[in-house]
Every structure is written in C-alpha cells, then in structure tokens.
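*Asks:* Below you will find the structure I want to go over with you.
What follows is calculated from the coordinates using simple rules that are stated; it is not laboratory data. As the structure is a computational prediction, the values presented were derived from the model and not from experiment. Note: ideal-geometry Cβ built from the backbone for every residue, glycine included; neighbour counts use all protein chains shown.
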Amino acid sequence: MEKINYVHGTGRRKTSVAQVRLTPGEGAIIINGVPYEQLYPRIDHRQAIMKPFVIAGVVGQYNATVKVDGGGISGQAGAIAHGIARALVATNESFKSALRQGGLLTRDPREKERKKPGLKRARKAKQYTKR
C-alpha cells in the first residue's frame, strides 16, 4: 500500500472556500487545474497566495494543489492563503507562531451585510428632507 505524503488545509474568506493539498516538491501552485500565474494576473493576489510560504520560510519546498469555489478573486486569494497556512501548520507545528503573527491563521469573519427593508442597500437610506 502506498504511503500518503500530503497534508490538507481548508481556507475560507467571504463566500470563498479553498481546499489545499500540500505535497513536497519544487513550489508549483495549481489552482483548479491551472497554474496560479494564469488565474491571478494581479501582483497583490499572487503575493497574498505566496505570503504563507514566505512567512514560514519554505518558498519552493512544497507543491500546492488547490480547489477553490465561490466568491470573487480577492476572496478566493484570501481563502487560498488561509488554506495554505493551515496546511503548513499541519506539516510543522513550529510554523504556527509566525503564521499567527502574520494574521494568516485567523479566519476573516467579515461578510457582506444583508439589505434591510425600506433601505436602498444595507445601510443607505433615502435622503431626509425636513420641509
């Protein structure tokens, strides 16, 4: 029987959910079957995805295979970073304090606020006129 040599981490941000699988390798990041450079052309999204590896000091040591669903690209990039950070902690517990200080292990609880009846949006009301 073959030994399972990967670790799993689930990351969430807004309405996005990312399932990350880390395997020892040369640093390739594949998201939904596509290299992450093609899927995320913006530099800030790429940096957000790479941030856990940089903080842990293991750039180029792990391959990441990611399935991400829901939300937009910013939420997905945050979810992927959260999932990678959780998977890195599963590989080595000593990364936990550095990743926690970097704010990558905390689930960002901010969600879109629902629209209220009688208002135009969640908080925007009609302009008040006194006379």
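*Asks:* Would you confirm, using the coordinates I've provided, whether residue 19 is in contact with a strand residue (DSSP E or B) (Cβ under 9 Å, 6 or more places away or on another chain), without any contact (Cβ under 8 Å) to a residue 40 or more places away in the chain and closer than 24 Å to residue 100 by Cβ?
*Replies:* No; evaluated as a whole, the condition is false for this residue.
*Asks:* In this structure, does residue 52 turn out to be surrounded by 21 or more Cβ atoms within 10 Å (Cβ to Cβ) and either touching a residue at least 40 places away in the same chain (Cβ under 8 Å) or within 22 Å of residue 15 (Cα to Cα) (or both)?
*Replies:* When the stated conditions are applied, residue 52 passes them.
*Asks:* Within the stretch 79-103, how many residues are within 16 Å of the chain's Cα centre (by Cα), surrounded by 15 or more Cβ atoms within 10 Å (Cβ to Cβ) and of a type outside the set (Gly, Ala, Ser)?
*Replies:* Counting residues in the stretch 79-103 that are within 16 Å of the chain's Cα centre (by Cα), surrounded by 15 or more Cβ atoms within 10 Å (Cβ to Cβ) and of a type outside the set (Gly, Ala, Ser) gives 7.
*Asks:* Considering each of 37, 93 in turn, give the residue that is out of contact with any strand residue (DSSP E or B) (no Cβ under 8 Å at 6 or more places or on another chain) and under 17 Å from residue 6 (Cα atoms).
*Replies:* On inspection, the qualifying residue turns out to be 93.
*Asks:* Here's something else I'd like to know. Can you find a residue in the stretch 94-110 that is part of a helix (DSSP H, G or I), free of Cβ contacts under 8 Å to residues at least 12 places away in the same chain, of a type in the set (Lys, Arg) and farther than 20 Å from residue 16 by Cβ?
*Replies:* Within the stretch 94-110 (the criterion being part of a helix (DSSP H, G or I), free of Cβ contacts under 8 Å to residues at least 12 places away in the same chain, of a type in the set (Lys, Arg) and farther than 20 Å from residue 16 by Cβ), the answer is yes, since at least one residue qualifies.
*Asks:* Oh, and also: Filter the stretch 88-131 for residues that are of a type outside the set (D, E, K, R) and in contact with a helix residue (DSSP H, G or I) (Cβ under 7 Å, 6 or more places away or on another chain) and give the result.
*Replies:* 88, 89, 95, 98, 99, 102, 104, 105
*Asks:* When you scan the stretch 66-78, how many residues do you find that are surrounded by fewer than 18 Cβ atoms within 10 Å (Cβ to Cβ) and in a helix (DSSP H, G or I)?
*Replies:* Total meeting the criteria: 2.
*Asks:* Considering every residue within the stretch 104-120, establish whether at least one is surrounded by fewer than 17 Cβ atoms within 10 Å (Cβ to Cβ) and among the aliphatic types (A, V, I, L, M).
*Replies:* Yes, the stretch 104-120 has at least one match.
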